[in-house]
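**Q** Got a structure for you, questions after.
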Amino acid sequence: MDGRVAGPEEGDAARHTAAKAPAGRSVLEGAFQLLEVLARMEEAGLSELAVEAGLPKTTAHRLLDQLAAVGAVERRAGRYRIGGTIVRLSSSWTPHRLLGRAAALPLRHLAASTGYAVAIAAPVAGHMVIVDGLPGAADPVFPHRHGVVLPPGNAAEVVMAAAAPAWTRPPGQVPSEWARRVRAAQEQGAAVHHWEDEVVMSCVVAPVRTRTGKVVAAIGTTVLDSRRIVTATAVTRHAARLASANLARLPHARRL
(Lines give C-alpha, C1' and ligand atoms only; values in the text may rest on other atoms or scores of the structure.)
Protein backbone atom coordinates (compact mmCIF):
# COMPACT_ATOMS: atom_id res chain seq x y z
CA MET A 1 0.00 0.00 0.00
CA ASP A 2 3.01 2.34 0.29
CA GLY A 3 3.86 2.03 -3.40
CA ARG A 4 7.14 0.13 -2.86
CA VAL A 5 8.02 -2.85 -5.02
CA ALA A 6 9.06 -5.85 -2.94
CA GLY A 7 12.64 -6.95 -3.39
CA PRO A 8 13.62 -10.57 -4.05
CA GLU A 9 14.27 -11.27 -0.39
CA GLU A 10 10.95 -9.76 0.68
CA GLY A 11 9.12 -11.70 -2.03
CA ASP A 12 10.68 -14.96 -0.88
CA ALA A 13 9.68 -14.21 2.73
CA ALA A 14 6.11 -13.42 1.72
CA ARG A 15 5.85 -16.65 -0.31
CA HIS A 16 7.31 -18.62 2.60
CA THR A 17 4.77 -17.12 5.05
CA ALA A 18 1.90 -17.74 2.64
CA ALA A 19 2.93 -21.35 2.18
CA LYS A 20 3.17 -21.98 5.90
CA ALA A 21 -0.19 -20.48 6.91
CA PRO A 22 -2.47 -23.18 5.47
CA ALA A 23 -0.26 -25.90 6.98
CA GLY A 24 -0.55 -24.22 10.38
CA ARG A 25 -4.31 -24.16 10.12
CA SER A 26 -4.49 -27.79 9.06
CA VAL A 27 -2.37 -28.83 12.04
CA LEU A 28 -4.71 -27.00 14.40
CA GLU A 29 -7.75 -28.50 12.71
CA GLY A 30 -6.23 -31.96 12.92
CA ALA A 31 -5.50 -31.56 16.63
CA PHE A 32 -9.04 -30.42 17.36
CA GLN A 33 -10.46 -33.24 15.25
CA LEU A 34 -8.55 -35.75 17.39
CA LEU A 35 -9.86 -34.11 20.55
CA GLU A 36 -13.41 -34.23 19.20
CA VAL A 37 -13.03 -37.94 18.45
CA LEU A 38 -11.63 -38.60 21.93
CA ALA A 39 -14.50 -36.68 23.52
CA ARG A 40 -16.93 -38.90 21.62
CA MET A 41 -15.13 -42.23 22.06
CA GLU A 42 -13.72 -41.55 25.56
CA GLU A 43 -10.67 -43.77 24.92
CA ALA A 44 -9.05 -45.19 21.79
CA GLY A 45 -5.85 -46.46 20.24
CA LEU A 46 -3.78 -44.69 17.60
CA SER A 47 -5.11 -46.58 14.55
CA GLU A 48 -8.73 -46.09 15.58
CA LEU A 49 -8.19 -42.38 16.24
CA ALA A 50 -6.46 -41.86 12.90
CA VAL A 51 -9.35 -43.49 11.01
CA GLU A 52 -12.07 -41.64 12.92
CA ALA A 53 -10.30 -38.28 12.55
CA GLY A 54 -9.55 -38.86 8.86
CA LEU A 55 -5.82 -38.39 9.36
CA PRO A 56 -2.77 -40.38 8.24
CA LYS A 57 -1.52 -42.55 11.09
CA THR A 58 1.86 -40.79 11.18
CA THR A 59 0.16 -37.38 11.38
CA ALA A 60 -2.19 -38.54 14.13
CA HIS A 61 0.76 -39.96 16.09
CA ARG A 62 2.71 -36.70 15.81
CA LEU A 63 -0.27 -34.58 16.85
CA LEU A 64 -1.11 -36.88 19.77
CA ASP A 65 2.50 -36.64 20.98
CA GLN A 66 2.24 -32.84 20.89
CA LEU A 67 -1.14 -32.86 22.65
CA ALA A 68 0.23 -35.24 25.31
CA ALA A 69 3.22 -32.96 25.88
CA VAL A 70 0.91 -30.10 26.93
CA GLY A 71 -1.48 -32.33 28.89
CA ALA A 72 -4.36 -32.07 26.42
CA VAL A 73 -4.48 -35.87 26.11
CA GLU A 74 -3.32 -38.69 28.35
CA ARG A 75 -1.56 -41.77 27.00
CA ARG A 76 -1.74 -45.04 28.90
CA ALA A 77 -0.84 -48.54 27.67
CA GLY A 78 -0.98 -47.40 24.04
CA ARG A 79 -4.41 -45.80 24.37
CA TYR A 80 -5.43 -42.15 24.57
CA ARG A 81 -8.08 -40.14 26.44
CA ILE A 82 -8.85 -36.47 27.14
CA GLY A 83 -6.17 -34.99 29.42
CA GLY A 84 -6.18 -32.77 32.46
CA THR A 85 -5.41 -29.53 30.59
CA ILE A 86 -8.61 -29.78 28.55
CA VAL A 87 -10.56 -30.76 31.63
CA ARG A 88 -9.28 -27.77 33.61
CA LEU A 89 -10.10 -25.38 30.77
CA SER A 90 -13.57 -26.90 30.44
CA SER A 91 -14.21 -26.74 34.16
CA SER A 92 -13.47 -23.01 34.20
CA TRP A 93 -16.82 -22.59 32.44
CA THR A 94 -19.29 -20.59 34.53
CA PRO A 95 -21.65 -23.48 35.44
CA HIS A 96 -18.79 -25.28 37.18
CA ARG A 97 -17.88 -22.15 39.11
CA LEU A 98 -21.52 -22.02 40.24
CA LEU A 99 -21.30 -25.63 41.44
CA GLY A 100 -18.12 -24.85 43.36
CA ARG A 101 -19.78 -21.90 45.07
CA ALA A 102 -22.90 -23.88 45.93
CA ALA A 103 -20.90 -26.77 47.37
CA ALA A 104 -18.16 -24.86 49.22
CA LEU A 105 -19.79 -24.72 52.67
CA PRO A 106 -21.49 -28.16 52.47
CA LEU A 107 -18.12 -29.69 51.56
CA ARG A 108 -16.43 -28.08 54.55
CA HIS A 109 -19.16 -29.36 56.89
CA LEU A 110 -18.98 -32.82 55.31
CA ALA A 111 -15.20 -32.99 55.71
CA ALA A 112 -15.48 -31.86 59.35
CA SER A 113 -18.16 -34.41 60.19
CA THR A 114 -16.47 -37.39 58.52
CA GLY A 115 -12.78 -36.56 58.73
CA TYR A 116 -12.39 -37.91 55.20
CA ALA A 117 -11.61 -36.48 51.76
CA VAL A 118 -14.67 -34.99 50.05
CA ALA A 119 -15.37 -33.59 46.60
CA ILE A 120 -17.99 -32.45 44.12
CA ALA A 121 -17.74 -33.79 40.57
CA ALA A 122 -19.54 -32.85 37.36
CA PRO A 123 -19.57 -34.20 33.80
CA VAL A 124 -16.99 -32.83 31.34
CA ALA A 125 -16.60 -34.36 27.87
CA GLY A 126 -18.15 -37.63 28.96
CA HIS A 127 -16.09 -37.98 32.14
CA MET A 128 -16.80 -37.10 35.76
CA VAL A 129 -14.33 -34.44 36.86
CA ILE A 130 -13.69 -32.98 40.30
CA VAL A 131 -14.88 -29.36 40.40
CA ASP A 132 -13.82 -28.77 44.00
CA GLY A 133 -12.54 -30.93 46.83
CA LEU A 134 -11.00 -31.03 50.27
CA PRO A 135 -8.12 -33.43 51.01
CA GLY A 136 -8.10 -36.31 53.46
CA ALA A 137 -6.35 -39.55 54.27
CA ALA A 138 -7.13 -41.04 50.84
CA ASP A 139 -5.35 -38.28 48.90
CA PRO A 140 -1.98 -40.05 48.63
CA VAL A 141 -3.82 -42.82 46.78
CA PHE A 142 -6.34 -40.68 44.88
CA PRO A 143 -6.11 -36.86 44.97
CA HIS A 144 -9.34 -34.93 45.53
CA ARG A 145 -8.40 -31.73 43.71
CA HIS A 146 -9.87 -29.56 40.99
CA GLY A 147 -9.50 -31.00 37.50
CA VAL A 148 -8.88 -34.64 38.45
CA VAL A 149 -10.72 -37.05 36.14
CA LEU A 150 -12.48 -39.87 37.99
CA PRO A 151 -11.84 -43.38 36.63
CA PRO A 152 -14.55 -45.13 34.57
CA GLY A 153 -17.27 -46.81 36.61
CA ASN A 154 -16.97 -44.44 39.57
CA ALA A 155 -19.90 -43.87 41.92
CA ALA A 156 -20.49 -40.34 40.57
CA GLU A 157 -21.19 -41.84 37.13
CA VAL A 158 -23.64 -44.26 38.74
CA VAL A 159 -25.50 -41.33 40.32
CA MET A 160 -25.64 -39.50 36.97
CA ALA A 161 -26.87 -42.64 35.19
CA ALA A 162 -29.53 -43.20 37.88
CA ALA A 163 -30.98 -39.78 37.04
CA ALA A 164 -30.44 -39.93 33.28
CA PRO A 165 -30.89 -43.38 31.68
CA ALA A 166 -29.27 -42.06 28.49
CA TRP A 167 -25.93 -41.77 30.35
CA THR A 168 -23.49 -44.03 28.48
CA ARG A 169 -22.28 -47.10 30.33
CA PRO A 170 -18.54 -46.61 30.97
CA PRO A 171 -16.02 -48.88 29.22
CA GLY A 172 -15.09 -52.04 31.09
CA GLN A 173 -18.36 -52.26 33.02
CA VAL A 174 -20.35 -55.50 32.84
CA PRO A 175 -23.86 -54.52 31.65
CA SER A 176 -25.74 -56.55 34.29
CA GLU A 177 -23.54 -55.29 37.14
CA TRP A 178 -23.80 -51.70 35.90
CA ALA A 179 -27.59 -51.96 35.73
CA ARG A 180 -27.66 -53.35 39.27
CA ARG A 181 -25.57 -50.43 40.59
CA VAL A 182 -27.80 -47.89 38.82
CA ARG A 183 -30.98 -49.46 40.26
CA ALA A 184 -29.48 -49.43 43.75
CA ALA A 185 -28.63 -45.72 43.39
CA GLN A 186 -32.18 -44.97 42.26
CA GLU A 187 -33.62 -46.79 45.26
CA GLN A 188 -31.20 -45.41 47.88
CA GLY A 189 -30.62 -41.89 46.57
CA ALA A 190 -26.87 -42.50 46.70
CA ALA A 191 -24.20 -44.80 45.26
CA VAL A 192 -21.33 -46.63 46.93
CA HIS A 193 -18.23 -47.88 45.13
CA HIS A 194 -15.68 -50.14 46.84
CA TRP A 195 -12.18 -50.57 45.53
CA GLU A 196 -8.76 -51.62 46.69
CA ASP A 197 -5.50 -49.93 45.79
CA GLU A 198 -2.85 -49.38 48.43
CA VAL A 199 -5.69 -49.42 50.93
CA VAL A 200 -9.32 -50.55 50.88
CA MET A 201 -11.57 -47.57 50.20
CA SER A 202 -15.22 -46.85 49.55
CA CYS A 203 -16.69 -43.78 47.87
CA VAL A 204 -20.18 -42.68 48.90
CA VAL A 205 -21.84 -40.28 46.43
CA ALA A 206 -25.15 -38.38 46.36
CA PRO A 207 -26.72 -36.24 43.60
CA VAL A 208 -26.74 -32.44 43.42
CA ARG A 209 -29.85 -31.07 41.71
CA THR A 210 -31.00 -27.82 40.14
CA ARG A 211 -34.23 -26.10 41.15
CA THR A 212 -36.07 -28.22 38.54
CA GLY A 213 -34.70 -31.49 39.95
CA LYS A 214 -32.15 -32.11 37.20
CA VAL A 215 -29.01 -33.87 38.50
CA VAL A 216 -25.98 -31.84 37.41
CA ALA A 217 -23.25 -33.01 39.78
CA ALA A 218 -22.45 -35.40 42.60
CA ILE A 219 -20.95 -34.91 46.07
CA GLY A 220 -18.83 -37.73 47.44
CA THR A 221 -16.97 -38.87 50.54
CA THR A 222 -14.07 -41.33 50.47
CA VAL A 223 -14.44 -43.71 53.40
CA LEU A 224 -11.55 -45.79 54.74
CA ASP A 225 -13.54 -47.65 57.43
CA SER A 226 -16.36 -49.81 56.04
CA ARG A 227 -18.15 -49.63 59.39
CA ARG A 228 -18.78 -45.94 58.75
CA ILE A 229 -20.43 -46.28 55.34
CA VAL A 230 -24.01 -46.00 56.66
CA THR A 231 -23.20 -42.83 58.59
CA ALA A 232 -21.17 -41.43 55.70
CA THR A 233 -24.07 -42.07 53.31
CA ALA A 234 -26.47 -40.09 55.50
CA VAL A 235 -24.21 -37.06 55.90
CA THR A 236 -23.23 -37.13 52.20
CA ARG A 237 -26.91 -37.06 51.20
CA HIS A 238 -27.41 -34.12 53.57
CA ALA A 239 -24.45 -32.23 52.06
CA ALA A 240 -25.84 -32.84 48.56
CA ARG A 241 -29.24 -31.46 49.60
CA LEU A 242 -27.58 -28.35 51.06
CA ALA A 243 -25.55 -27.84 47.87
CA SER A 244 -28.72 -28.23 45.81
CA ALA A 245 -30.51 -25.62 47.94
CA ASN A 246 -27.55 -23.23 47.60
CA LEU A 247 -27.47 -23.78 43.84
CA ALA A 248 -31.15 -22.90 43.52
CA ARG A 249 -30.48 -19.50 45.15
CA LEU A 250 -27.54 -18.54 42.90
CA PRO A 251 -28.09 -16.16 40.00
CA HIS A 252 -27.72 -17.81 36.56
CA ALA A 253 -28.07 -21.33 38.05
CA ARG A 254 -30.98 -21.93 35.68
CA ARG A 255 -28.40 -22.21 32.88
CA LEU A 256 -27.12 -25.50 34.28
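**Q** In nm, give the distance between the simple-model label positions of Ala68 and Glu177, each being 7 Å from the Cα along the Cα-to-Cβ direction.
**A** Each label point is offset 7 Å from its Cα along the Cβ direction, giving 2.8 nm.
**Q** Moving to a separate point now. Ignoring solvent entirely, what values of log10 I(q)/I(0) come out of the Debye formula for region 146-204 at 0.23, 0.25, 0.29 Å⁻¹ when each Cα is a single scatterer?
**A** For region 146-204 at q = 0.23, 0.25, 0.29 Å⁻¹, log10 I(q)/I(0) is -0.96, -1.10, -1.32.
**Q** Let's test the formula: R0 of 22 Å, r as the Cβ-Cβ distance of Arg75 and Glu196. What FRET efficiency results, to the nearest 0.05?
**A** That pair, Arg75 with Glu196, gives E of 0.30.
**Q** Quick one: if you take sqrt(5λ) for each eigenvalue of the C-alpha gyration tensor of region 149-256, what semi-axes come out, biggest first, whole angstrom?
**A** Each semi-axis is the square root of five times an eigenvalue, giving 23, 18, 12 Å.
**Q** How much accessible area per residue does region 145-256 have, counting only protein heavy atoms and a probe of 1.4 Å, in square angstrom?
**A** For region 145-256, the per-residue accessible area is 54 Å².
**Q** From Cα pairs below 8 angstrom and at least 6 apart in sequence, can you work out the relative contact order of region 144-224, rounded to a whole percent?
**A** Dividing the mean separation by the residue count of region 144-224 yields 28 percent.
The values are calculated or read from the model by the stated rules, or taken from the named source; none is laboratory data. Since we're looking at a predicted model, the values are computed, not measured. Ideal geometry is used to build each Cβ from the backbone, glycine not excepted, and the neighbour counts take in all protein chains shown. Side chains are part of the model used for accessible areas, which takes the heavy atoms of the whole protein and leaves out ligands, DNA and RNA. Shrake-Rupley method; radii C 1.70, N 1.55, O 1.52, S 1.80 Å.
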